[in-house]
1. So, in the range D:34-65, of the ones that are more than 7 Å from chain C (Cβ to nearest Cβ) and among the hydrophobic types (A, V, I, L, M, F, W, C), which residue ends up surrounded by the most Cβ atoms within 10 Å (Cβ to Cβ)?
2. Based on what the data block shows, is residue B:52 more than 14 Å from the chain's Cα centre (by Cα), charged (D, E, K, R), assigned to a helix (DSSP H, G or I) and within 22 Å of residue D:100 (Cα to Cα)?
3. Among the residues of the range B:66-75, write down those that are without any contact (Cβ under 8 Å) to a residue 60 or more places away in the chain and either surrounded by fewer than 24 Cβ atoms within 10 Å (Cβ to Cβ) or at the interface with chain A (Cβ under 7 Å from one of its Cβ atoms) (or both).
4. Among the residues of the range D:76-97, write down those that are surrounded by fewer than 20 Cβ atoms within 10 Å (Cβ to Cβ) and facing chain C (nearest Cβ under 8 Å).
5. Yes or no: residue D:105 modelled with pLDDT of 95 or more, surrounded by 16 or more Cβ atoms within 10 Å (Cβ to Cβ) and of a type in the set (Ser, Thr, Tyr)?
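The values are calculated or read from the model by the stated rules, or taken from the named source; none is laboratory data. Computed from a prediction, not measured in an experiment: that's the story for all the values here. All Cβ positions, even for glycine, are placed from backbone atoms using ideal geometry, and neighbour counts span all protein chains on display.
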There are 4 protein chains.
Amino acid sequence: MTATALPVVRPTRSPGPRQDREILSRLRKATGQLSGVTGMVEDGRYCIDVLDQVAAATKALKAVALELLDDHLSHCVTDAVTKGGRTAEEKVAEASAAIARLVRS
Amino acid sequence: MTATALPVVRPTRSPGPRQDREILSRLRKATGQLSGVTGMVEDGRYCIDVLDQVAAATKALKAVALELLDDHLSHCVTDAVTKGGRTAEEKVAEASAAIARLVRS
Amino acid sequence: MTATALPVVRPTRSPGPRQDREILSRLRKATGQLSGVTGMVEDGRYCIDVLDQVAAATKALKAVALELLDDHLSHCVTDAVTKGGRTAEEKVAEASAAIARLVRS
Amino acid sequence: MTATALPVVRPTRSPGPRQDREILSRLRKATGQLSGVTGMVEDGRYCIDVLDQVAAATKALKAVALELLDDHLSHCVTDAVTKGGRTAEEKVAEASAAIARLVRS
């Protein structure tokens, strides 16, 4: 039974450590890309080349977001739905709202 | 005079230093946001909160890209069109292709 | 009548009729917007005005997609997770893949 | 001086008829896709299949927008920049603003 410990405050994530490693590795890569872009602007590099690197970093961030979302649906939302009740509905609504913010970002 | 120095190799950008400062400031802010996101994942923070920060960083990058693009149209493309000829057409085609990559990123 | 020809494998949706009405109304509005854009191009209207209408139709389509997705998570995915087992995992993976296609569209 | 022929009312587009034919053909295809999507929702087709068609229509609309934009840069903006003066700057600023609305749509 999982009845005792419903989250009272803001829950923390509990995905497997493997997903986290993957997400952290992507995040560090994207941060490195951005530092590279900063260097390109400082060096007065050609706008189109800079733009393409910004577009590449944007794509990398979207991949991070999609992985976080898949992780969230597979763990937090699935757990809440399995338990059922109002928390389940709230989790689904929360996920939908986050997807909307992502699609519109 | 525009006669002497047509770019032979990959051109460098020549916007006013003001735009560059603005762009660099936005880039550093976005890089800072990403480092923050990395810290959030390391601390096991709630997925939806992490996702929202990733979406915010994505928006910030898009703003950088749009500023670079405006800069490029106002300077490089405008200069090329003023000179006319094939370079002008090439610059417009190059800008359109960069816009397409941005819209699809 | 829709009673005779249910697909054998491919599942059908079973949302309440209210969501469907809402989605159909949005789809018809977006289709109307597109017909309007076609008329604008035929009349040789100014590019920027045409572009803005295309951007408005794109936003309307994203709203349709987000509503379909929320509907899908609240019904199909929730039902599958409640039943549990491999189907649940498959439904979550399928939803994640659809979200990725949407984010990248 | 460019004093004689500044547009007084909203300008009309003057691209070659070839681009217009291409754009109209894409718009009609996208409108057809949307009618197809409406039919799918009316028939109660599976959400994910509907979603994928909406994503396809969104991609088609983006392609229309990019073609309109390329057309605009190659004709209206290029013409204004060739004439020079304030109209040129205004056209570039207007194009940048339209690109921003497109990227954020």
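1. D:60
2. Numbers: more than 14 Å from the chain's Cα centre (by Cα): yes; charged (D, E, K, R): yes; assigned to a helix (DSSP H, G or I): yes; within 22 Å of residue D:100 (Cα to Cα): yes.
Yes, satisfied.
3. Of everything in the range B:66-75, those that are without any contact (Cβ under 8 Å) to a residue 60 or more places away in the chain and either surrounded by fewer than 24 Cβ atoms within 10 Å (Cβ to Cβ) or at the interface with chain A (Cβ under 7 Å from one of its Cβ atoms) (or both) turn out to be B:66, B:67, B:68, B:69, B:70, B:71, B:72, B:74.
4. Filtering the range D:76-97 for residues surrounded by fewer than 20 Cβ atoms within 10 Å (Cβ to Cβ) gives D:79, D:82-87, D:89-90, D:93-94, D:96-97.
Correct list: D:94 only.
5. no
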